Amino acid sequence: MKGYQAQQKGNFGQALSFYSKAVTLGLKNAVIYNDMAVVYDQLGLQDKAEEYYMEAVRSNPDYLPPYTNLAYLYQEQGDDTRAAEFFRKRLEKAPPDDPWVARIEEDFYRMNPQLKREKIERESRELHQEMVEKARQEFVLQVIRADKHFQNGQLLLTEKKFGEALVEFDRALALTPGNPKILELRKEAARGKRAEHIRRRADKAVSQLETGDAESARKEFQGILADFPDP
């Protein structure tokens, strides 16, 4: 803590003294090595900075700041290859909520425009595949729902509940339009409903005839003939 406080005040020599003492006393961890490297970097001693950044990485490969610092150190030295290597490692290890990712990506892809294009193309392919898979899953669900309506319609048809069967078949067709199996049974249900309607009207006409209302019966029969399906 004394080393960090000295570093924050710009007392780099004192900071290194405290950090070195902490290491000598056995407190060897990635945070201290990284802080020591930062001090050396601020003093312009890049070789020593690189040494301690590397020591921080070896001490704890999951501690992220030294990867970033090494990337910028190599970038400052004009070594884009090594800078890109550590930018990439930093990005690979970054957690989803890492606030540094956007800035690192910007610097990394500025150095490697081809990689940025490849990233965009890869993300585009992944998005397309995701959309195709989502559409496939939705289609499967639609088929399952359509089949359930179809089975309900079949059952209602056998029970001669033609109107209710038509509703179920229409629901199935809304999910899987043009399905020939559904269309065929829908026609059968429509014929049954029409025949049922005609039968009711005929019974009504016969009832009117039996009560002596011949005129009404005649009109009812004419209406039945007008509604009768073409052969």
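Where a number appears in this text, it was derived from the coordinates with a stated rule and is not lab data. Note that this is a predicted model, so its numbers are computed, not measured. So basically every Cβ, Gly included, is an ideal-geometry build from the backbone, and we count neighbours across all protein chains shown.
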With only helices counted (DSSP H, runs n ≥ 4, each -39500 (n - 2.57)), the per-residue ellipticity at 222 nm for the chain, to the nearest 500, works out to -27500 deg cm²/dmol
Note to self: C-alpha centroids of the stretch 192-220 and the stretch 1-73 sit apart, in Å, by 101
Take the stretch 1-120, compute every pairwise Cα distance, and split them into 5 Å bins from 0; I just need the percent in each bin. 2, 12, 20, 20, 18, 13, 9, 3, 2, 1
Cβ-Cβ FRET estimate between Ile198 and Arg145, R0 fixed at 35 Å, reported to 0.05: 0.55
Net charge near Tyr53, counting Lys/Arg +1 and Asp/Glu -1 over other residues with Cβ under 14 Å of its Cβ? -4
Give me the net charge for the shell around Lys148: Cβ to Cβ below 10 angstrom, other residues only, Lys and Arg +1, Asp and Glu -1. 0
Sites removed, the longest contiguous part of the chain containing no DSSP-loop trypsin sites (Lys or Arg not before Pro) with at most 15 other Cβ within 10 Å is 29-159
For Lys2, counting only lysines whose alpha-carbon sits under 25 Å away and dropping same-chain residues fewer than eight positions off, the answer is Lys21, Lys28, Lys48
Under 15 Å between alpha carbons, and skipping anything fewer than 8 positions from Lys181 in its own chain: which aspartates and glutamates qualify? Asp147, Glu168, Asp170
What does the charge count near Gln7 come to, summing +1 for each Lys or Arg and -1 for each Asp or Glu among other residues with Cβ under 13 Å from its Cβ? 0
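Counting other Cβ atoms within 10 Å of each Cβ, which GluC sites (Glu not before Pro) in the stretch 121-189 have at most 11 and sit in a DSSP loop? The partial results should precede the final answer.
Numbers: sites: Glu121, Glu123, Glu126, Glu130, Glu133, Glu138, Glu159, Glu164, Glu168, Glu184, Glu188; in loops: Glu159.
Passing sites in the stretch 121-189 are Glu159.
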